[in-house]
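Here is the structure we will look at, set down as structure tokens.
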Amino acid sequence: MIGFIGAGNMASAIIAGMYKAEFVNSSDIAVFDLDKSKTDSLAKTYGITVKASAKEIAEDCDKIVLAVKPNVIAPVLGDIDGIAKEKRPLFISIAAGKTTEYLLSCVSYEGKFIRVMPNINALVGAAVSGYCGTANVSAEDMSFAESFCECFGTAVKIDEKLFPIFSAIGGCSPAFTYMYIDALARAAVKNGMPKAQALGVAAQSVLGSAKTVLESADHPWALVDRVCSPGGTTIEGVASLQSDGFESAVMNAVEASYNKDKKV
């Protein structure tokens, strides 16, 4: 059984992905959260089991997803340490900034931990998730983690030292992209297009552009050049973005997120 400690937005998105992908039977998913309204809602929607405590999750589940805030990881693991030491579950942590070394320090034995960094696009099954594991995690466990992540998007196995920068460009960047889409739409509204229509056009354009980057052998700047006709409208906009420091602003945002992650 797979147990979730925490039933916030990300846990809910992951459970929805598991349900849609038929990754496991609903009866094999359990959840606990202090906010019973969240767990009751998940149980009603997906037919999963609600547990009364984190200790019940530890008692009944061989795989446990730690979906709580980073600042409560230590007390949660401390609370279930005795049970976990006996049962030896595989832990999957989605807590930002908490290394596998830190997770190991929260238990009194050599626990098995896989660290996963998903993003909010798990809500629509389109997250990109980085993952890595402790030395004692088996190949089978890592394969499980990959399949788990693929329920709600794509999975990328990465060296843990790259997690802070992965978190910045994978975990934080959806917010930057949402801002960009909204800015495009607002500019269209300024020039007469209804907001709902403008958002649809802007979002689809970003979606198509991302797909083109992923499927094309060309460098992104080569694609930029293909859109820019001499003396045309696109090069005028590109020049304006560069003049206003667009690329520097994006790089600075990534750097700020990266530095913050290292301090968590």
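The values are calculated or read from the model by the stated rules, or taken from the named source; none is laboratory data. Here the structure is a predicted model, which is why all the values come from computation and not from measurement. Cβ placement follows ideal geometry from the backbone for every residue including glycine, while neighbour counts extend to all protein chains displayed.
Details
- Checked against (1) closer than 30 Å to Ala202 by Cα; (2) surrounded by 19 or more Cβ atoms within 10 Å (Cβ to Cβ); (3) in contact with a helix residue (DSSP H, G or I) (Cβ under 9 Å, 6 or more places away or on another chain); (4) not acidic (Asp, Glu), Gly170 passes all but a single condition, namely (3).
- The C-beta contact set for the stretch 161-182 (first residue free of Cβ contacts under 8 Å to residues at least 60 places away in the same chain and under 25 Å from Ala198 (Cα atoms), second residue outside any helix (DSSP H, G or I) and among the polar types (S, T, N, Q), distance under 6 angstrom, 6+ apart or interchain) comprises Pro174/Asn119.
- All told, Asp141 meets the bar of being modelled with pLDDT of 95 or more, farther than 30 Å from Val227 by Cβ, surrounded by 13 or more Cβ atoms within 10 Å (Cβ to Cβ) and among the acidic types (Asp, Glu).
- Going through (1) charged (D, E, K, R); (2) within 24 Å of Val250 (Cα to Cα); (3) touching a residue at least 12 places away in the same chain (Cβ under 8 Å) one by one, Lys157 falls short only on (2).
- Residue within the stretch 213-231 that is under 23 Å from the mean Cα position of the chain (by Cα), surrounded by 11 or more Cβ atoms within 10 Å (Cβ to Cβ) and under 13 Å from Ile181 (Cβ atoms) present: no
- Residue count for the stretch 239-264 satisfying the condition of being at pLDDT 95 or above, among the acidic types (Asp, Glu) and surrounded by 11 or more Cβ atoms within 10 Å (Cβ to Cβ): 1.
- For Thr154, the criteria (1) in the same structural domain as Tyr131 (by TED's automatic domain parsing); (2) out of contact with any strand residue (DSSP E or B) (no Cβ under 7 Å at 6 or more places or on another chain); (3) polar (S, T, N, Q) hold in every case but one, which is (2).
- Residue selected from the stretch 65-77 under the condition under 10 Å from Ala54 (Cβ atoms) and touching a residue at least 12 places away in the same chain (Cβ under 8 Å), by the criterion surrounded by the fewest Cβ atoms within 10 Å (Cβ to Cβ): Val76
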